[in-house]
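In what follows, a single structure is set out as C-alpha cells and then discussed.
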Amino acid sequence: MKVRRSVFISALSLTAVLAALSLTAVLAAQTAAPEGTASSSHHSGQSPGAGAVPRDSLRALASRVGLRIGTAVNTDALATNATYRQITADQFSTVTPENVMKWQLVEPTKGTYDWSAADQLVKFAQAHGQLVHGHVLVWHSQLPDWLTTGNYTPAQLRDLLRKHISDEVSHFRGHIWQWDVVNEAFNDDGTMRDTLWLRALGPGYIADAFRWAHRADPHALLLYNDYNIEGLGAKSDAVYELVKQLRAQGVPIDGVGLQTHLDTQYGFPDQMQQNMQRFADLGLKLALTEVDVRSTLPVTSTVQLAQNADYSQSLQACLLVRQCISYTVWGFGDAYSWVPGVFAGQGAADIYDENLQPKPSYYALQQNLILDTGAPHRDGTGVTLKLSGLTSGSVKLGKSVMVKGTVTPTSLAGSKVTLTVQKKKGAKWLTVESVARTISASGAYSWKYTPGKRGAYRMRATIARTTAHAAAGTAWRPFKVT
Ligand code: XIL
C-alpha cells in the first residue's frame with residue numbers, strides 16, 4: 001500500500017489556520033475545564049500534574065472533550081531524567097509501560113514475579129492524576145525463555161497462560177484503566193498469526209484471555225490491540241470480524257486499540273475515521289495506543305511536514321469518533337524511541353527531539369486540541385454514568401430513575417461522585433439537584449432520583465480533583481420527564 005499523499009495539502013492549510021488562532025483567547029473562552037484551569041495558580045506548590053498542569057498542555061486541552069492523552073513510558077528514563085519526568089507529568093493524562101508489564105519482565109524466572117518497575121510507574125501515575133494503560137497480557141513477543149523453550153503440552157500452556165493473566169491482572173486490580181489483553185494476533189493479509197498460542201490452543205485462546213482478564217478485574221476496559229488496522233483493509237476486516245463475533249458471544253471485550261505506527265514514506269491509512277466508526281458501531285471503544293511517525297533519516301523539511309500531517313490526521317480521526325477515548329504516543333522523545341533499533345536507517349518518529357524539545361509535530365497535536373471544542377465529549381475520563389430505565393430517553397412524572405455508574409481506578413473507592421441535574425428553562429439550563437454519592441469498594445455508585453416536574457432535563461457525574469487523581473466527568477445525558 002503506497003498511496004500518494006493528496007490529503008497532505010488540506011492538512012497543512014488547516015495547520016496554518018490553527019496557528020493563526022491565539023491560544024490564550026481560545027483558552028480564556030473555556031469554562032470549567034477539569035484540568036489545567038485558570039485556577040492552576042491556586043495549586044502552586046503541589047507536584048506537577050496533580051495540581052499544576054499547564055493549561056496549554058496536551059492533557060489539559062484534551063480533557064475539555066473527555067479525551068485522554070497518553071504516552072508509553074521508559075521507566076529507566078523516568079527514574080533518571082528530571083526533564084523526562086516533568087514532561088510525562090505535565091503533558092499526559094495516561095501512561096503505558098513501554099516494557100515493564102510484559103511477561104518477560106514480570107516473570108523472568110518461572111514462578112517468581114518482579115512487579116517493582118511496573119509498581120513504580122503506577123505510583124507515579126497516581127501522584128500525577130494519570131490513568132494507567134496496561135500493556136500487554138497475551139503476545140507472541142518478549143516472552144520469557146523458560147516459557148518458549150519449555151516444551152510444554154497444550155494443556156500446560158493453557159494453564160500457564162491463565163495463571164499469567166489472572167496473576168498479573170489481579171496484582172494491578174483497581175489501578176488499570178485499560179488492558180491490552182491480546183496483541184498482534186493477525187497477519188497483514190488477515191490470516192491469524194502463527195504463534196505459540198494459536199498452535200497450542202487454537203483461535204479460542206483469544207476469547208479465553210478476555211474472560212480470564214475480566215474475572216480478575218471486572219472494571220478494567222479490555223482491548224484487542226494491533227498495528228496496520230488503522231485504515232480499511234484486509235487486516236482491519238479480519239479484526240472487525242473477530243471482535244464482532246466476540247461481542248455476539250458475550251465475551252467481555254470493551255474496545256480495540258489501533259497502534260498507529262505510521263511511516264512518512266507511505267500514505268495515511270485509508271479512511272481511518274470510517275474504519276474507527278464501524279468498530280464504534282459495534283458498541284466498542286477505540287484507543288490509539290502507540291502512535292509514532294517514523295521517517296528515513298535525515299529528515300528533510302518536506303518529510304517533517306508529512307510527519308505533522310500524520311499526527312494531525314490521526315488525532316482528528318480520534319476526535320471525530322466519540323467512542324475514541326485515548327490518544328497515546330509510543331514515547332515522546334526521539335532519543336528514547338524504539339524506531340532506530342528496529343527499522344534500519346529510520347527515526348525522528350516522536351513529538352519531542354533528541355534534547356526533549358517539542359517538535360513541530362507536538363504543536364500540530366496541540367493546535368488540533370485547541371480546536372477540539374467542536375468535537376463531541378467522550379467517556380475517556382474513567383467515570384461512567386448509566387441512567388437505567390431511561391433507554392427511551394424519557395421517564396413518566398412520579399417514576400424514579402436509577403442512576404448508576406462506575407469509576408476507574410477503583411482506588412478512588414470512598415471518595416465522592418457529584419451528580420448534577422439541570423432542567424431547561426427557556427434557553428437556559430438551571431441546576432435543580434446536586435448530590436454527592438460515595439464510590440463503593442468495587443468502584444460503583446448509585447442514586448435513586450425522582451424528578452419533581454415535567455420538562456427537559458440533563459444529568460452528569462463528576463469527581464473533584466484529589467491529590468492522586470485529576471478531576472473528571474461524563475458528558476451531559478439528556479432526558480425528558482413527561
Ligand atoms: C517495543 C518497545 O518499544 C521496545 O523497547 C522493545 O524492545 C520491543 O517492544 N508493538 C507493541 C509494543 O505492542 O510492545 C512494542 O514495543 C512496539 C510494537
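The values are calculated or read from the model by the stated rules, or taken from the named source; none is laboratory data. All figures in this text were calculated on a predicted structure; none of them were measured in a lab. Note: ideal-geometry Cβ built from the backbone for every residue, glycine included; neighbour counts use all protein chains shown.
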Being buried (at least 24 other Cβ atoms within 10 Å of the Cβ) and either among the β-branched types (Val, Ile, Thr) or within 15 Å of the ligand (Cβ to nearest atom) (or both) is true for just one of 100, 106, 95. Which residue is that? 95
With respect to residue 145, determine if the residue is acidic (Asp, Glu), more than 18 Å from residue 173 (Cβ to Cβ) and touching a Pro at 6+ places or on another chain (Cβ under 6 Å). no
From (1) of a type in the set (Gly, Ala, Ser); (2) within 16 Å of the ligand (Cβ to nearest atom); (3) farther than 23 Å from residue 260 by Cα, pick out the condition that doesn't hold for residue 72. (3)
Positions within the range 64-83 being free of Cβ contacts under 8 Å to residues at least 60 places away in the same chain and surrounded by fewer than 17 Cβ atoms within 10 Å (Cβ to Cβ), in sequence order: 76, 79, 80, 82
Got a sec? Which helices (runs of 4 or more DSSP H) wholly within the range 126-233 have at least 2 residues that are assigned by TED's automatic domain parsing to the domain that holds residue 93 and more than 20 Å from residue 99 (Cα to Cα)? 154-171, 196-201, 205-216
Kindly indicate whether residue 324 is away from the ligand (no atom under 16 Å from the Cβ), buried (at least 24 other Cβ atoms within 10 Å of the Cβ) and under 21 Å from residue 263 (Cα atoms). no
Cβ-Cβ under 6 Å, sequence separation 6+ or interchain: first residue in the range 362-376 and within 14 Å of residue 326 (Cα to Cα), partner of a type in the set (D, E, K, R) and not in a helix (DSSP H, G or I). Which pairs? 376/322
Which numbered condition residue 323 misses (of (1) under 24 Å from the mean Cα position of the chain (by Cα); (2) closer than 20 Å to residue 91 by Cβ; (3) of a type in the set (S, T, N, Q)): (2)
If you check 393, 341, which single one turns out to be within 16 Å of the ligand (Cβ to nearest atom), surrounded by fewer than 20 Cβ atoms within 10 Å (Cβ to Cβ) and of a type outside the set (A, V, I, L, M)? 341
Looking only at residues that are surrounded by fewer than 16 Cβ atoms within 10 Å (Cβ to Cβ) and of a type in the set (Asp, Glu) in the range 175-207, which one is nearest to the ligand (Cβ to nearest atom)? 188
